[in-house]
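Down below is the structure, laid out as structure tokens.
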Amino acid sequence: MEAQHYNKQLSGIALKLGILASVVTILGLPIAISQLHDILDAKLNRSIDLLNNYDLQLSLGTNPEIRYALEDGRPVLITNGGKFTEDQLGDYIDIYATMLGDTYENNLISESALCDDQCYYLESLFGNQEILTYVKKIQNAEGPSVWSNLAQEAFRIIKSDEGAPSSTLRLLSTQT
């Protein structure tokens, strides 16, 4: 008789604990969803902050002039009739190497944010035969690890952009 009484008490406690667990789960779900949204917002904000930092770097020194020359299809390097030294062009490419290599590959910038902000400039940079020739020259002189996979990564990102010109994709695909 006493064992039955304890069994009833244990069954009642188990039922109450089950109900309590269900209530906690139901109430906790909106909190978990809210936290997930906060995490996604933080990632987007981090992407925007990092891209703003790169935009700032690209607006300093000779970088804007290099960017305009690339956009206009003008030669960049002095040796090709442009206005810039190899060091200046190397510094410009280094910004993209950091953006694509260190930041993007480590998932600190989302692909959509990167493409929205930089696809046009990636196309003008890596869709330019003079730039691709220069990158190959530096890799041959300093080793293939310099700017390794930079054009390939740019190609992949540009390819994901539906508005990418087919001429840029063809040029890049022959270089990868």
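The values are calculated or read from the model by the stated rules, or taken from the named source; none is laboratory data. Source: prediction; values computed, not measured. Cβ atoms come from the backbone with ideal geometry, glycine included; neighbour counts cover every protein chain shown.
Tabulated results
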| quantity | calculated |
| --- | --- |
| Condition check for Y92: under 29 Å from D49 (Cα atoms) and surrounded by fewer than 17 Cβ atoms within 10 Å (Cβ to Cβ) | no |
| Top-ranked residue of region 91-116 - restricted to ones that are among the aliphatic types (A, V, I, L, M) and assigned to a helix (DSSP H, G or I), ranked as farthest from L150 (Cα to Cα) | A113 |
| Residues that are touching a Leu at 6+ places or on another chain (Cβ under 7 Å) and not small (G, A, S), drawn from region 119-131 | L125, F126, N128, Q129, E130, I131 |
| Restricting region 74-89 to residues that are outside any loop (DSSP other than H, G, I, E, B) and in contact (Cβ under 8 Å) with a residue 40 or more places away in the chain, the residue that is surrounded by the fewest Cβ atoms within 10 Å (Cβ to Cβ) | N80 |
| Residue satisfying condition, being surrounded by fewer than 18 Cβ atoms within 10 Å (Cβ to Cβ), of a type in the set (F, W, Y) and free of Cβ contacts under 8 Å to residues at least 60 places away in the same chain, within set Y104, Y68 | Y68 |
| Given (1) among the acidic types (D, E); (2) over 21 Å from the mean Cα position of the chain (by Cα); (3) within 15 Å of D55 (Cβ to Cβ), index of the condition D117 fails | (2) |
| Odd one out for W147, checked against (1) surrounded by fewer than 19 Cβ atoms within 10 Å (Cβ to Cβ); (2) closer than 21 Å to I157 by Cα | (1) |
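Okay, residues lined up against (1) among the small types (G, A, S); (2) touching a strand residue (DSSP E or B) at 6+ places or on another chain (Cβ under 8 Å); (3) within 30 Å of T133 (Cβ to Cβ); (4) at pLDDT below 80:
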{"residue": "A21", "(1), (2), (3), (4)": "yes, no, no, yes"}
{"residue": "S47", "(1), (2), (3), (4)": "yes, no, no, no"}
{"residue": "L50", "(1), (2), (3), (4)": "no, no, yes, no"}
{"residue": "I78", "(1), (2), (3), (4)": "no, yes, yes, no"}
{"residue": "F84", "(1), (2), (3), (4)": "no, yes, yes, no"}
{"residue": "D87", "(1), (2), (3), (4)": "no, no, yes, no"}
{"residue": "N106", "(1), (2), (3), (4)": "no, no, yes, no"}
